[in-house]
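Heads up, the thing below is written out as structure tokens.
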Amino acid sequence: MGEAKWVRFAVMAVSMVAVVLAAAPAVAMPAVSCTATSQTEPFLGESFGGSVSFDRTADIGFAPGVELELDPAITVTGAQALGSAITVDDLGVGPATVVHPVTGETVVIAANKRLVVLRIPLSSLSAAAPTVDVDIDYAVAADAVLGAPLDICPSCAFFYGADALNIPVPDAPVRAAAPAIGVTPTVIRLSAS
């Protein structure tokens, strides 16, 4: 076969692959929304509660969970969803580079931030499933600065994206952040009766 025939053959083969790929149905990406609440004035050295609501807005997503970026003076002491305790992975305080316990991604933790991953014990959530509320038990350090605001920055995620396999390319995790919650440690709370 001459060189010109090889070139025509290669062009035809590449064209056929391109047509097949273009005709393949696109995988619909899930969408997630995330809202959070927390007690905003916990006592120094004490526990306090909060919650994150995880909701899908489109299509099915796999390996649902919550990521929390916290001030280092706040720790997560436990979490519950669907009536059971769930896995809490405290990845430490930055600056640090760590491996995400679910996705295997390399994650950079920002300086003076703690990263915590909460694993919801479901393999997937469809668009028809109800909202999943994750109740979180926090603790504020006894040596936190009194009156200085501390941030809780939650995000909800489908760690495996649109399919049940952990293949980040082309099916990357899907994340949505909730607005940050400001928590201000206090030693006294007054109320009028």
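Structure notes:
- Some residue of the stretch 43-51 being open to solvent by less than 50 Å² (accessible area, probe 1.4 Å) and over 17 Å from Asp135 (Cβ atoms): yes
- Test set (1) open to solvent by less than 20 Å² (accessible area, probe 1.4 Å); (2) closer than 19 Å to Pro101 by Cα; (3) out of contact with any Ser or Thr (no Cβ under 7 Å at 6 or more places or on another chain); (4) modelled with pLDDT of 85 or more - Ala144 fails condition number: (2)
Listed here are the residues, each with its yes/no results for (1) in contact with a helix residue (DSSP H, G or I) (Cβ under 6 Å, 6 or more places away or on another chain); (2) surrounded by fewer than 19 Cβ atoms within 10 Å (Cβ to Cβ); (3) within 24 Å of Gly49 (Cα to Cα); (4) among the hydroxyl-bearing types (Ser, Thr, Tyr).
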{"residue": "Gly61", "(1), (2), (3), (4)": "no, no, no, no"}
{"residue": "Glu69", "(1), (2), (3), (4)": "no, yes, yes, no"}
{"residue": "Leu91", "(1), (2), (3), (4)": "no, yes, yes, no"}
{"residue": "Val108", "(1), (2), (3), (4)": "no, yes, no, no"}
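- Against the list (1) in a strand (DSSP E or B); (2) surrounded by 18 or more Cβ atoms within 10 Å (Cβ to Cβ), the condition Thr77 fails is (2).
- Flag for Val174 being touching a Phe, Trp or Tyr at 6+ places or on another chain (Cβ under 9 Å), open to solvent by 20 Å² or more (accessible area, probe 1.4 Å), within 19 Å of Cys34 (Cβ to Cβ) and of a type in the set (Val, Ile, Thr): yes
- Only one entry of Thr57, Thr35 meets the criterion of being in a strand (DSSP E or B), closer than 13 Å to Thr131 by Cβ, open to solvent by 30 Å² or more (accessible area, probe 1.4 Å) and at pLDDT 90 or above, and that entry is Thr35.
The values are calculated or read from the model by the stated rules, or taken from the named source; none is laboratory data. Only a predicted model underlies this, so the values are computations on that prediction, with no experimental measurement involved. Heads up, the Cβs are rebuilt from the backbone with ideal geometry, glycines too, and the neighbour counts pull from every protein chain shown. Protein only, heavy atoms only, side chains kept; ligands, DNA and RNA dropped before computing areas. Shrake-Rupley method; radii C 1.70, N 1.55, O 1.52, S 1.80 Å.
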